[in-house]
Amino acid sequence: MLLEIPKVLNTRELDAVKGALEKAPFIDGKLSAGMAAQRVKHNEEVDVRAQDVQQLNNLVMTRLVQHPTYRAAALPMKVASPYYARYGKGMSYGDHVDDPIMQADTPYRSDISITVFLNDKSDYVGGELVINTQYGAHEVKLAAGDAVIYPSSSVHHVNEVTSGTRLVAVTWLQSLVREPARRELLYDMYLVKEQLLKDAPDDENTKRLDRSYVNLIRMWGDV
């Protein structure tokens, strides 16, 4: 499932993030890439050892994990700290698939990739995130503060930035539900369930759907 999530960060929060990034030390993005990705990765990333990284993480990840659309669509179990990437003129990231197992304090499986856009799309030309889906290539270039989630198994790339600067936070997660098709089905059920709970909370069909949704997560949950 490819899903755009609006307004993860508000204007005040974006200003704080961009202010921190202006002072942060950036290093070659190849240093965090696997062997295959190193060949096609041309960007810069904030040094994870930088003093203000934890402050950035607290702000960005807190807002992301609190977002109801993110929680319902991703069903997160293990979530990684993000990388903060900068693409200047001439930078890009060629076709690649994200590593299946990410190394952290405890290794985790990457089921879902997330990109949070940190500056306005008018600040740069090019730089679209292009995700290959079963229906063809899908270009994503969102407003500052918006995010997109998509299966980590997808082949994807970032088009060359031809002017300006692109700023994003990128992270991954292991979902409670491993299979993308099941997560998509559960998300559709969640949307219907939430609407029924608003419109007809005491209806037997509402209760039946809510019970089925919960028990499908119990059946498919990988913990």
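What follows draws every value from the coordinates through simple rules; no lab data is involved. All of these numbers come straight from a predicted model, not from anything done at the bench. Note that we place each Cβ from the backbone using ideal geometry, even for glycine, and neighbour counts take in every protein chain shown.
The modelled label-to-label distance for the pair GLU22/ASP188, using points 7 Å beyond Cα in the direction of Cβ, is 4.7 nm. For helix 53-66, what angle does its Cα long axis make with the longest principal axis of the chain, in degrees from 0 to 90 and rounded to 10? Long axis of 53-66 versus the principal axis of the chain: about 30 degrees. Evaluated on the range 95-161, the Kirkwood hydrodynamic radius is 13.0 Å, with distances taken between all distinct Cα atoms. In the elastic network of the chain, a GNM with C-alpha springs shorter than 10 Å, the most mobile of ASP202, ASP146, ASP188 is ASP202. With the convex hull constructed from alpha-carbon coordinates only, the range 1-122 shows a mean projected area of 8.3 nm² over all directions.
Can you pull the percent of Cα pairs in the range 180-220 with separation above 11 Å? For the range 180-220, the fraction of Cα-Cα distances above 11 Å is 61 percent. Anyone know which of LEU21, LEU118, LEU196 comes out most mobile in the 10 Å Cα GNM of the chain? Comparing LEU21, LEU118, LEU196 in a Gaussian network model of the chain, the most mobile one is LEU196. Mean residue ellipticity at 222 nm, helices only, the chain: -10500 deg cm²/dmol; runs of at least 4 DSSP H residues each add -39,500 (n - 2.57), and the sum is divided by the number of residues. Projected label points at VAL155 and LYS7, each 7 Å from Cα along the beta carbon direction, are separated by 3.8 nanometres. For the pair VAL40 and THR165 in one chain, pulling the backbone fully straight at 0.36 nm per residue adds 43.1 nm over the alpha carbon distance. For the chain, the longest principal axis of the Cα atoms and the long axis of helix 204-220 meet at an angle of about 50 degrees.
Its relative contact order, with pairs defined as Cα atoms under 8 Å and 6+ residues apart, puts the chain at 25 percent.
Pairs over the 26 Å Cα-Cα cut-off, from the set LYS7/LYS78; LYS78/LYS198; LYS18/LYS193; LYS7/LYS207: LYS78/LYS198; LYS18/LYS193; LYS7/LYS207.
Counting only Cα atoms, the size of the chain along its three principal axes is 57, 37, 36 Å, in decreasing order. Among the trypsin sites (Lys or Arg not before Pro) in the range 8-39, those located in a DSSP loop and surrounded by at most 12 other Cβ atoms within 10 Å of their own Cβ are ARG39. Here the range 80-124 is scanned for amide nitrogen atoms under 16 Å from the site 7 Å beyond the Cα of ARG178 along Cα-to-Cβ, giving 100-102, 108-112.
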